[in-house]
Each structure stands twice: as structure tokens, then as C-alpha cells.
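Colleague: Sharing a structure with you now.
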Amino acid sequence: MNNVVEHVLAAPSRYVQGRNVMKKLGSHLKPLGSQPLLVADDVVWGIVEDSVTAGFAEAELPVTRVGFGRFATAEAVDSLVETIRSGGHDVIAGVGGGSAIDAVKAAGHLAGIRWASVPTAASSDAPTSALSVIYTDEGEFVEYRFFPKNPDLVLIDTVLVANAPERFLVGGIGDALATWVEARAVAKTRAKTMVGDAPTHTGTALAELSWRILWENALDALDAVRSHTVTPALEAVVEANTLLSGLGFESGGLAAAHAIHNGMTAAPQTHGLTHGEKVNIGTLTQLILEGAPAQEIEDFIVFTTKVGLPNSLAEIGLTPDDAQDIGAIAAAATAEGETIHNMPFTVTADLVAEAMKVTETTSRRVRAAHGLPEPQLYRAPH
């Protein structure tokens, strides 16, 4: 059996996207169970309660909602498992941000019931995946948890996305831009993906499609969010951020960008930044690490600056002189088992640290040449 190589495409059972589809959540959950448990923090619940309640009444389902804290911790997951078992729930839905959804996936798996992802912003590609990221109470990365199946349902209402803070969509774009840069690196090595021994051509192609849609539509989609309006550009970007990037990273593979993001969780200066904002630094660092063409690096810096994503050390609260912090990030990014080892060459902590330092110089040069604002030092909230 040692010569068996699995190429696996992982995907949710059903993906639903569109205007006001939150009203249909009940009808989509009903085939999955008769005693749903909804997990949403108070802010999110205040936004969706009327739509969800009306839809559940139409579907003749009871409404049971519990709150959620800030991070998907092991303790938060275990607490949800207890709630599932004590309440006799047979399907659980995470409504809101990525951490709530990650906790729901992990709890649904442990309790042996079906689970659904209901993001209220297109801020990451996590909702479609068969994995959760577990953090400490302080937001430091602990582990990935992998599951034998993907969500039974992913539902995203684009009216909610259009009315969510612009920064959420910006973060989702940063997360999704990394997908193709990482997947094409994995395609060269045929390294392990999140779900198989080697990537599928489908996963790699979907990663590239996500990239192309973003370059064509991201700026127009951000205009739509600023106008609190759903447009074809916004619908396209929501699909790229959520579905295409989700399938692309999981079945196409991760490489340096997300490993560098994981390393950043150990640096207090970067706390308060969104997942996608930190990933974008990882993507630029990967482009420099792999010696990408100068024009590609320049175009990436120009585009992501216009989108509003950080592409310099200053914008994540660091300077090239912060050798100890950069070294700590690089060491964590190259830890055993990290996805950076899927790159088509050997990557050391020293190489990562050097590439991270270069991002500052390159970003400032390119931005000045294009008349774009110079990077401003980010200060983490305390």
C-alpha cells in the first residue's frame, strides 16, 4: 500500500450565495436536522435574528442560539459539544466570523452531528474547509484540526457582506490572493495538501480562477461595499474569497504564505490585524523567497496597496531592525510540519527572515515609484 498516492478534491455538500439568502437558512438546514443549534455572538445575532427567525418559522424549526467569544479555543469547542449533547441537537450552524465557524466545525465533528458554515462577511476562505484553526485565549495559533468531511452547508448572504465593514472584505481578498501563489508552488512539488497526498488539477485551477477574478473585480467590489450595494463585482469577489479560495487552498495546497502568517501570531505587534492582512505579508514574502519576476512583485505591491492590504513590515508593526521578532516569526514559520516545507526548495528560518526584511525596502520603492502612500507604522491595540 506504500505506493498509493491520493489526489483528493474536498468540497462542502452545498454552497449557497446570494442576496437575502439568510432568510432561507431554515429551509437549507431542515434536510440536515430537526433540532438545530445556532452559534453567534451578540453583535451578529442582532443583525441576523429577524431574518433567521422568520425563515425558521417558515421551515417549522425551533430557534436555539448560544453566544460565542473571540477565538476558537479548545475550551470553547468542548463547551459547544456539551451544549449539543445536553440539548439533543442534530445539526449545528456557526453564524458570523471565522472563529465561530471553526469552533462549530470542531464541535460538530466531536459530537457526531452535521454542521453548517454561515459567514456574515467574505473575510476568509475557512467556511468551506474540513479543518479548524484552534487558538489560545490570547489569539496565538495552537493547531489545525482536520475532519473527515467538509461542512454540510455553506450559506453566505451578499447583502450582509455589502453592509459589513470594508476591512472584512479586504482581509478576505488578502487571504484569497495567497491561494494561487501557494497552490502553484505546491503543484511543482506535488506535495501534500490539506486533504490528500498530492494536489488535484481541479484544486490548482480553482486557485488560479480565484486569483483572476480578484484582479478583475476587487476594486469594484470594494466600491460596492462602500456604497452598501450588491453588484456583480461583489458577488464575484465573495465567490472567489469564500468558495474558490476555499477549494483551492484545501485541494491545491498551502506553502509559505500561510506558514508565515502562523508565525506572526507569536509576535504581539501584529495582534489586531485580520487573518488576510497578515497572510498578505506572507504572500509577498513568498514571492521574494521564490525569486518571482520583478514585474509580478511590483504589480502585487501596487494592487494590494490599492486594495488596502499591508505589504510592508511597518504595516504589521515591525521594522527591519526588529531582528529578534522577525527571527521568532521565521522560526515559527519553518517549524517541523509547517506548510512552508511544501515549497519547491529548502526553506530555512534565515531565508524567511531575510525575505521579510526585504519586503519593507521593496514596498517603499514600488509605492514611491507609483505615487502611492508610503507605509505607516501599525500599532497593535492594547
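The values are calculated or read from the model by the stated rules, or taken from the named source; none is laboratory data. What you are looking at is a predicted structure, and each value in this text was computed from that prediction instead of being measured. Glycine also receives a Cβ, built like all others from the backbone with ideal geometry; neighbour counts cover every protein chain displayed.
Colleague: Return the pair list, or none, for Cβ contacts closer than 9 Å from residues in the stretch 179-202 that are touching a residue at least 40 places away in the same chain (Cβ under 8 Å) to residues that are assigned to a helix (DSSP H, G or I) and charged (D, E, K, R), at least 6 apart or on different chains.
Modeller: Pairs that qualify, where the first residue is touching a residue at least 40 places away in the same chain (Cβ under 8 Å) and the partner is assigned to a helix (DSSP H, G or I) and charged (D, E, K, R), are Thr179/Glu208; Trp180/Glu208; Trp180/Arg212; Ala183/Glu208; Thr193/Glu250; Met194/Glu250; Val195/Glu250.
For every residue, the table says whether it meets (1) at pLDDT 95 or above; (2) more than 25 Å from Asp197 (Cβ to Cβ).
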| position | (1), (2) |
| --- | --- |
| Ala255 | yes, no |
| Ile260 | yes, no |
| Met264 | no, yes |
| Glu277 | yes, yes |
| Leu284 | yes, yes |
| Leu287 | yes, yes |
| Ala294 | yes, yes |
| Asn311 | yes, yes |
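Colleague: So, one more: So which residues in the stretch 303-326 are of a type outside the set (D, E, K, R), assigned to a helix (DSSP H, G or I) and either crowded, with 16+ Cβ neighbours inside 10 Å or within 20 Å of the chain's Cα centre (by Cα) (or both), if there are any at all?
Modeller: Passing the criteria: Phe303, Thr304, Thr305, Val307, Ala314, Ile316, Ile326.
Colleague: Within the stretch 327-338, can you find the residues that are under 27 Å from Leu169 (Cα atoms) and either surrounded by fewer than 22 Cβ atoms within 10 Å (Cβ to Cβ) or modelled with pLDDT under 95 (or both)?
Modeller: Applying the first criterion (under 27 Å from Leu169 (Cα atoms)) to the stretch 327-338 yields 329, 333, 338.
Glu338, the sole residue that qualifies.
Residues are listed down the side, and each one gets a yes or a no for (1) without any contact (Cβ under 8 Å) to a residue 40 or more places away in the chain; (2) in contact with a Pro (Cβ under 9 Å, 6 or more places away or on another chain); (3) within 18 Å of Ala266 (Cβ to Cβ); (4) not in a helix (DSSP H, G or I):
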residue	(1), (2), (3), (4)
Glu336	yes, no, yes, yes
Ile340	no, no, yes, no
Thr346	yes, no, no, yes
Met356	no, yes, yes, no
Ser363	no, yes, no, no
Arg367	no, yes, no, no
Leu377	no, no, no, yes
Ala380	no, yes, yes, yes
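Colleague: Here's another thing I want to ask about it. In the stretch 94-144, what residues are part of a strand (DSSP E or B), within 27 Å of Leu222 (Cα to Cα) and of a type in the set (S, T, N, Q)?
Modeller: Ser117
Colleague: Scanning for something within 15 Å of Leu247 (Cα to Cα) and more than 17 Å from the chain's Cα centre (by Cα), does the stretch 94-110 turn up at least one residue?
Modeller: Initial filter on the stretch 94-110 (within 15 Å of Leu247 (Cα to Cα)): none.
No, the stretch 94-110 contains no residue that is within 15 Å of Leu247 (Cα to Cα) and more than 17 Å from the chain's Cα centre (by Cα).
Colleague: Can you tell me which residues in the stretch 55-71 are of a type in the set (A, V, I, L, M), in contact with a Ser or Thr (Cβ under 9 Å, 6 or more places away or on another chain) and in a helix (DSSP H, G or I)?
Modeller: Just the residues of the stretch 55-71 that are of a type in the set (A, V, I, L, M), to begin with: 57, 59, 61, 63, 66.
Still in the running and in contact with a Ser or Thr (Cβ under 9 Å, 6 or more places away or on another chain): 59, 61, 63, 66.
Listed by number, the list holds a single entry, Ala59.
Colleague: Then there is this: What is the one condition in (1) closer than 21 Å to Phe300 by Cα; (2) at pLDDT below 95; (3) β-branched (Val, Ile, Thr) that Thr200 does not satisfy?
Modeller: Among (1) closer than 21 Å to Phe300 by Cα; (2) at pLDDT below 95; (3) β-branched (Val, Ile, Thr), Thr200 violates only (1).
Colleague: Only one residue in Thr334, Thr285, Thr304 is in contact with a His (Cβ under 9 Å, 6 or more places away or on another chain) and hydroxyl-bearing (Ser, Thr, Tyr). Which one?
Modeller: Criteria check complete, one pass: Thr334.
Colleague: Six or more apart or on different chains, Cβ atoms under 7 Å: show the pairs whose first residue is in the stretch 307-325 and in the same structural domain as Ile297 (by TED's automatic domain parsing) and on the phi < 0 side of the Ramachandran plot and whose second is among the aromatic types (Phe, Trp, Tyr) and buried (at least 17 other Cβ atoms within 10 Å of the Cβ).
Modeller: Ala314/Tyr378; Glu315/Tyr378; Ile316/Tyr378
Colleague: Which ones in the stretch 1-50 are of a type in the set (Ser, Thr, Tyr), outside any loop (DSSP other than H, G, I, E, B) and in contact (Cβ under 8 Å) with a residue 60 or more places away in the chain?
Modeller: Correct list: Tyr15 only.
Colleague: For the condition β-branched (Val, Ile, Thr) and over 24 Å from Asn217 (Cα atoms), what is the one hit in Thr305, Thr346?
Modeller: One residue alone meets the criteria, Thr346.
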